[in-house]
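*Asks:* Please find one structure pasted underneath; my questions will follow.
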Protein chains: 2
Amino acid sequence: MPIGMPAADAAADALDPAHLRELSTRVTVALSSFLDRAEPVLTGIGPELWPPAAAARDFVLAGGKRLRPAFCYWGWRGAGGHDCDEILTAAASLELLHACALIHDDVMDGSDTRRDRPSTHRRFAELHRQGGWRGDPEAFGASAAILLGDLCLVWADQMFAECGLEPAVVDRARGVHAEMRVELMAGQYLDVLASVLPETDSAIATERAFRVARYKSAKYTIERPLHLGGALAAAPAALLAAYSAYGLPLGEAFQLRDDILGVFGDPAVTGKPAGDDLREGKRTALVTLAEQRAEPTAAAQLRRLLGDPDLGSEGVATCRMVISGCGALAEIEELIERRGAQAREALAAPELDDPARRSLEALAAAVTDRIG
Amino acid sequence: MPIGMPAADAAADALDPAHLRELSTRVTVALSSFLDRAEPVLTGIGPELWPPAAAARDFVLAGGKRLRPAFCYWGWRGAGGHDCDEILTAAASLELLHACALIHDDVMDGSDTRRDRPSTHRRFAELHRQGGWRGDPEAFGASAAILLGDLCLVWADQMFAECGLEPAVVDRARGVHAEMRVELMAGQYLDVLASVLPETDSAIATERAFRVARYKSAKYTIERPLHLGGALAAAPAALLAAYSAYGLPLGEAFQLRDDILGVFGDPAVTGKPAGDDLREGKRTALVTLAEQRAEPTAAAQLRRLLGDPDLGSEGVATCRMVISGCGALAEIEELIERRGAQAREALAAPELDDPARRSLEALAAAVTDRIG
């Protein structure tokens, strides 16, 4: 895709799956080129900083769906912004923010793997073990991962601020940028809280799960990235409202799909062990709905197995059976369908031009139909 | 002190101890007014966010020496910037960055107290316990503290970006701002590493301790805040160099004073248990120097006690005796003296005007002579 292409040619590059892949590649290139600039500052401090630098690079370049940058990019294009390297860089910085969230999330959850590789704290615990260092390898791993997450958060901000757009342009998006990050941390906190608050009425727990979904996914993953791109391009309020009308239901669908994958997902695709959410005791909308729909004995069994750190494949199978047998799975699938349709309807807004509309349609499909 | 006072009147407000206290009060006011704006965004998400909001407010308003904001402020004034609320706000944002560093540091070290109160993770573990919530209170406390630190880092950036100075002015300091935060995280990592790397030659360990001091204290606490204020005021390169010539030795003195307080400090003043650094096994410059200077049996005894989590007051007394008996304490005191003198000599630079010179002199004394 030519750089600096005027908006008039934009119709040519609306998102089909191939373009979605191409956009993802350009995001990876932008991240790689930022790290090429940022790493020497870090490693110049001492050779001990090579492992954190390598861990950050491996983490952000290894994968992820690049959804947030895609939404940010199309938020900009939809508001009349031209395709250019600068917006790609601003959008790609969201991957570094997300790296912070995931690295810290894995420490908090004690997760062993991420994207089919050892999680960051495990990687550093292994470095400690192989070096025969003093003290507890796990404690060192956790410390290193906390600091690496912090570094990614700092780098995310730096990459965004230094994206190359004019200071006054970047400044237009300051408010949304801050709000997005505050909402992310708040959503994470609500998520942690949901797994420790006392057993309540499942209906209350379901309401809670939807609120977590709203902040962790609907706003942070979709609405805010769209707003960020839109704000950079000085989008009018009506367009930002259309982005919300599209982004919030789609984000809810995204989280609900995530809930299903956390129980029924294929480890070969998700890169996480089967039934990980069950082992962590996550009371997702899917799980709390199953608690309401299942027969009392089945519901009690589900509650008993939920949060067992040693839950094996048999336990996972039992939970799956309860969740699908009571109709909760089908109900959530239907809700995903409905929210996806709502999101697509919002794309009829007259503020959107055709290429943006088609790209956001393709992204909606990628979000709701994904298998990993 | 009148707001918006022109630089010509600056001579009147050079830092004596009363002015240092006044500046610290103005920093607290700026933080409080930022939190008044930022908190509603957080708590608007849900009533569950009140405890994190309160914890952040308590943490940043409760105290601290406000050294970093003071250096940032005088970096600006020294470069001809006028006293105004906007620079106070930019400078005060460093306290939120520092809050992130300390909150995460306490999680990593497993520290029980900070500033004479329960550390953040302990505070949230207690909330968990009192609520009778499910799961492990300590794990919840750690998760909440990790997220609260992240939030403080995000708020620090937001407060700096929204300080009210023109976007183009803020943009001038972007580079320094990013470098400072990267150096902070790198210094923290080196510090964690120093406590796990295999026992080496004490001379190598001393070199390592000085490198940690350079990044954690010399650059992060003093040089970079000065540069940040200077960059905002478009300081010429010669002035920035003078700031370095003053800040680096003074920062080293700051860290060496910290090392002494970590072993000999009065808990009533430091707000941390006596001999905390010994219990944590920190191989500071003071400790590694003692390892080199002490008789072999005394040195072996020191090494044996170092890092014992259950080290009692008798063990602390033994370590103190070794460290002062071998001359290491006196040697470090002398080094602090020398570095302080070096810093004061650098203030002769012709680029500095008199009020800035006198204030930086007062700050140097506050840094090297402090008892907590």
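*Asks:* For residue A:229, state whether it is assigned to a helix (DSSP H, G or I) and either farther than 23 Å from residue B:49 by Cα or open to solvent by less than 20 Å² (accessible area, probe 1.4 Å) (or both). Steps first, please.
*Replies:* Details: assigned to a helix (DSSP H, G or I): yes; either farther than 23 Å from residue B:49 by Cα or open to solvent by less than 20 Å² (accessible area, probe 1.4 Å) (or both): yes.
Considered against the rule, which asks whether it is assigned to a helix (DSSP H, G or I) and either farther than 23 Å from residue B:49 by Cα or open to solvent by less than 20 Å² (accessible area, probe 1.4 Å) (or both), residue A:229 comes out as yes.
*Asks:* Would you list the helices (runs of 4 or more DSSP H) that sit entirely within region B:15-111 and hold 2 or more residues that are within 12 Å of chain A (Cβ to nearest Cβ)?
*Replies:* Numbers: elements: B:17-43, B:50-62, B:67-78, B:85-109.
Passing ranges, in order: B:17-43, B:50-62, B:85-109.
*Asks:* Regarding region A:196-216, can at least one residue be identified that is open to solvent by less than 10 Å² (accessible area, probe 1.4 Å) and free of Cβ contacts under 8 Å to residues at least 60 places away in the same chain?
*Replies:* For region A:196-216, residues open to solvent by less than 10 Å² (accessible area, probe 1.4 Å) and free of Cβ contacts under 8 Å to residues at least 60 places away in the same chain: absent.
*Asks:* Regarding residue B:217, is this residue at pLDDT 95 or above and either away from every other protein chain (no Cβ under 14 Å) or in a helix (DSSP H, G or I) (or both)? Walk me through how you get there before you give the answer.
*Replies:* On the way: at pLDDT 95 or above: no; either away from every other protein chain (no Cβ under 14 Å) or in a helix (DSSP H, G or I) (or both): yes.
No: the conditions fail for residue B:217.
*Asks:* What are the residue pairs meeting all of these: first residue in region A:124-153, first residue within 17 Å of residue B:110 (Cβ to Cβ), second residue of a type in the set (Val, Ile, Thr) and open to solvent by less than 50 Å² (accessible area, probe 1.4 Å), Cβ atoms under 6 Å, and 6 or more apart or on different chains?
*Replies:* Short answer, once both residue conditions are applied: A:134/B:196; A:135/B:196; A:140/B:196; A:142/A:107; A:143/B:192; A:145/A:103; A:145/A:107; A:145/A:120.
*Asks:* Does region B:42-60 hold any residues that are touching a helix residue (DSSP H, G or I) at 6+ places or on another chain (Cβ under 6 Å) and farther than 23 Å from residue A:197 by Cα, and which are they?
*Replies:* B:57, B:59, B:60
*Asks:* Identify all residues within region A:318-356 that are within 22 Å of the chain's Cα centre (by Cα), open to solvent by 50 Å² or more (accessible area, probe 1.4 Å) and within 22 Å of residue A:18 (Cβ to Cβ); write none if there are none.
*Replies:* Result: A:344, single match.
*Asks:* Out of B:181, B:174, report the one residue that is buried (at least 22 other Cβ atoms within 10 Å of the Cβ) and touching a helix residue (DSSP H, G or I) at 6+ places or on another chain (Cβ under 7 Å).
*Replies:* B:181
Residue-wise test of (1) in contact with a Lys or Arg (Cβ under 6 Å, 6 or more places away or on another chain); (2) at pLDDT 95 or above; (3) open to solvent by 10 Å² or more (accessible area, probe 1.4 Å); (4) over 21 Å from residue A:372 (Cα atoms).
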position: A:93; (1), (2), (3), (4): no, yes, no, yes
position: A:103; (1), (2), (3), (4): no, yes, no, no
position: A:114; (1), (2), (3), (4): no, no, yes, no
position: A:129; (1), (2), (3), (4): no, yes, yes, yes
position: A:160; (1), (2), (3), (4): no, yes, no, yes
position: A:168; (1), (2), (3), (4): no, no, yes, yes
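*Asks:* Which numbered condition in (1) in contact (Cβ under 8 Å) with a residue 12 or more places away in the chain; (2) farther than 15 Å from residue B:159 by Cβ; (3) not small (Gly, Ala, Ser) is the only one that residue B:61 fails?
*Replies:* (2)
*Asks:* Restricting region A:61-91 to residues that are surrounded by fewer than 24 Cβ atoms within 10 Å (Cβ to Cβ) and under 17 Å from the mean Cα position of the chain (by Cα), which is nearest to residue A:24 (Cα to Cα)?
*Replies:* Looking at the filtered set, the residue picked out is A:66.
*Asks:* Residues being more than 8 Å from chain B (Cβ to nearest Cβ) and either in a helix (DSSP H, G or I) or of a type in the set (Gly, Ala, Ser) (or both): count how many of those fall in region A:149-174. Before you say what the answer is, go through the steps one by one.
*Replies:* First pass over region A:149-174, keeping only residues more than 8 Å from chain B (Cβ to nearest Cβ): A:152, A:156, A:159-160, A:163-166, A:169, A:172-173.
Checking which are either in a helix (DSSP H, G or I) or of a type in the set (Gly, Ala, Ser) (or both) leaves us with A:152, A:156, A:159-160, A:164, A:169, A:172-173.
Count: 8.
*Asks:* Do you know which residues across region B:185-213 are hydroxyl-bearing (Ser, Thr, Tyr) and not in a helix (DSSP H, G or I)? Don't jump to the end; show me each part of the working.
*Replies:* Just the residues of region B:185-213 that are hydroxyl-bearing (Ser, Thr, Tyr), to begin with: B:189, B:195, B:200, B:202, B:206.
Of everything in region B:185-213, those that are hydroxyl-bearing (Ser, Thr, Tyr) and not in a helix (DSSP H, G or I) turn out to be B:195, B:200.
The values are calculated or read from the model by the stated rules, or taken from the named source; none is laboratory data. Just so it is clear, the structure is predicted and the values come from calculations on it, not from any experiment. A quick note on method: Cβ atoms are made from the backbone with ideal geometry, for glycine too, and the neighbour counts reach across all protein chains shown. Only protein heavy atoms, including side chains, enter the accessible area calculation; ligands, DNA and RNA are left aside. Shrake-Rupley method; radii C 1.70, N 1.55, O 1.52, S 1.80 Å.
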